[in-house]
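The values are calculated or read from the model by the stated rules, or taken from the named source; none is laboratory data. Owing to the predicted nature of the structure, the values given are computational and were not obtained by experimental measurement. Every residue, glycine among them, receives a Cβ derived from its backbone with ideal geometry; neighbour counts consider all protein chains shown. Accessible surface is based on the protein model in full, side chains and every heavy atom, while ligands, DNA and RNA are left aside. Shrake-Rupley method; radii C 1.70, N 1.55, O 1.52, S 1.80 Å.
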Amino acid sequence: MINVNYETGDSILTAADACAAGAGEALRALRAEAMPFTGWVNYAERLTDEAMSDIEQAAAKIRADSGVFVVIGIGGSYLGAKAALDFIGGGIADGSAEEHPRIEFAGFNLSAAYHAALLKRIEGDDISICHISKSGGTLEPGTAFDLLRSLLIRKYGEAGADARTYVVTDPQGGKLKAMADERGWKSFPIPSDIGGRYSVLTPVGLLPLAVAGIDIREIVSGARAVMGAPETALAGAVRLACVRKAIQDSGKAVEVIAAFEPAAASFTDWMLQLYGESEGKDGKGMLPVGVVFTRDLHSLGQFLQEGNQIFSETFLRIVKPPAELGDMNRFNEAALRGTLAAHRSANIPVTVIDLPDMSARSFGEAVQFFEIVCGVTGILMGVDPFNQPGVEAYKREMMALI
Ligand code: PA5
């Protein structure tokens, strides 16, 4: 179970106590899915055996006929899968996993160099591709999809390419779904009431993870465990939301999220989107910044200790690290405790979040936990944590130029 330790100072905790009632109400609203785009709250509990089997069957086919599986998506349509792939197992292959295709990512930038290198890297392999886009109309993945489809058609012909093309999209009204139906591409739904950054536990994350040989049922069971534990897991999430709100109200403008395992760095990237896109609105919110310790203690450590104190810190501690090697884990724990003591001496509010391990189940648990934390924090702040009107601004300007 996730455990949170607060080294934030008494005034923050007292302020957090004062918002407990409001936070409880926010949680009840989320659980009742009483606001738009809250379909993610009970999604894991609703996910049927049949839906998981459908994902597993497609993954089995891809595993059988592909050496590479290219996940094409941006933002919430790729960060969750990337986070899980890096996090689960801590980057250590246990030797028991069956062979599975290499997972590559595309369409999360507009770099010709990135995509030229990708195409070169994969052209000799057997390839399947998956276009993941809730709207079906995002420029970056759409452009990459066209390139990868051309490669598939060159290699396998139209019909062969169609059999290796997968789509995850909103089934209601999107043009990608219509195209998939027309061409006979296998498609999976992103429910209309779930936004991109809350979608990792839907086929958006589950299909790539199943292809990578990860037990998606374990992930789902972790998420279900959070929702089934209102006195512990959910109460912990609500408390953390109150503390984050109190830290923000105390004048902090930045939340530095520190992973002590490099394999958790992509998980912090996922958290940056979750917190940043959900809370950064109406001139409010703390800018989330991801760091990896101890690496960044040797670059940003000076600033954190003695620089402009505009930030709080959140440490992600893995209670049971994924590997044992000499004194490393003992030293890493000493680094965490030493950094905590040093930063507390500078009066930095620090929250230490204990994640049990780097298993698939813990990943599911962490995703569900932080999504609840984020939703409740946003509601307490008086913003809508489920929209992202600001993201449209750059798209409008860019599309006008294109
Ligand atoms: O959280 C969000 O909704 C966004 O970050 C989207 O995931 C991102 O913009 C990609 O959108 P789409 O999945 O429609 O291509």
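Laid out as a table, the results:
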read-out: Calculated over the range 166-269: convex hull of Cα atoms, volume per residue (Å³); value: 162 Å³
read-out: Intensity falloff of the range 43-214 expressed as log10 I(q)/I(0), Debye formula with alpha-carbon point scatterers, at q = 0.15, 0.16, 0.17 Å⁻¹; value: -0.80, -0.92, -1.05
read-out: GNM result for the chain, Cα springs below 10 Å: residue of Thr377, Thr351, Thr232 fluctuating most strongly; value: Thr232
read-out: Euclidean distance between Cα centres, the range 300-359 to the range 213-265, Å; value: 16 Å
read-out: Equivalent ellipsoid semi-axes - Cα gyration tensor, the range 203-254, angstrom; value: 32, 17, 6
read-out: Euclidean distance of C-alpha centroids, the range 364-402 and the range 62-125, integer Å; value: 25 Å
read-out: DSSP-loop trypsin sites (Lys or Arg not before Pro) across the range 284-348, with at most 12 other Cβ within 10 angstrom; value: Lys284
read-out: Between helix 360-381 and the chain: long-axis angle, C-alpha atoms, 0 to 90°, nearest 10; value: 60 degrees
read-out: Spatially proximal lysines relative to Lys155 (Cα-Cα < 21 Å; intrachain offsets below 8 disregarded); value: Lys61, Lys120, Lys186
read-out: Å² per residue, accessible surface of the chain at 1.4 Å; value: 42 Å²
read-out: Potential extension, Asn308-Ser221 segment - 0.36 nm per residue separation minus Cα distance; value: 27.1 nm
read-out: Candidates Leu110, Leu148, Leu272, ranked by Gaussian network fluctuation over the chain, Cα under 10 Å, top entry; value: Leu110
read-out: Max mean-square fluctuation residue, GNM over the chain, Cα-Cα springs under 10 Å, options Lys134, Lys82, Lys61; value: Lys61
read-out: Value of relative contact order over the chain, rounded to a whole percent, pairs C-alpha under 8 Å and six or more apart; value: 26 percent
read-out: Net length gained if the chain between Ala20 and Asn347 were fully extended (0.36 nm per residue, minus Cα distance); value: 115.3 nm
read-out: Projected label distance in nm at Met35 and Lys175, using a 7 Å step from Cα toward the beta-carbon; value: 3.2 nm
read-out: Signed unit charges on C-beta, dipole axis of the range 43-214, positive-most listed residue Ser187, Leu139, Leu201; value: Leu139
read-out: Extended-chain gain in nm, criterion 0.36 nm per residue less alpha-carbon gap, Glu45 and Asp125; value: 25.0 nm
read-out: Counting DSSP beta bridges with both ends in the chain, the antiparallel % (nearest 5); value: 10 percent
read-out: Apportionment of accessible area to carbon and sulfur, the range 215-267, percent (1.4 Å); value: 55 percent
read-out: Residues Arg154 and Ala335, FRET efficiency given R0 of 41 Å [Cβ-Cβ distance, rounded to 0.05]; value: 0.20
read-out: Between helix 216-227 and the chain: long-axis angle, C-alpha atoms, 0 to 90°, nearest 10; value: 30 degrees
read-out: Solvent-accessible area, 1.4 Å probe, carbon plus sulfur percent, for the range 43-214; value: 53 percent
read-out: Computed helical MRE - 222 nm, the chain, DSSP H runs ≥ 4 contributing -39500 (n - 2.57), nearest 500; value: -16000 deg cm²/dmol
read-out: Square roots of five times the Cα gyration tensor eigenvalues for the chain, Å; value: 36, 24, 21
read-out: Cα convex hull of the range 62-121, projected area averaged across orientations, nm²; value: 4.8 nm²
read-out: DSSP-loop GluC sites (Glu not before Pro) across the range 1-102, with at most 12 other Cβ within 10 angstrom; value: Glu98, Glu99
read-out: Kirkwood-based Rg to Rh ratio, the range 189-335, C-alpha trace; value: 0.99
read-out: Listed residue (Gly160, Gly80, Tyr114) projecting farthest to the positive dipole end of the range 43-214, Cβ model; value: Tyr114
read-out: Tilt relative to the chain, helix 139-162 - C-alpha long axis, 0 to 90 degrees, to 10; value: 30 degrees
read-out: Reach of Lys252 by Cα under 28 Å, taken over lysines that are not fewer than 8 positions away in the same chain; value: Lys281, Lys284
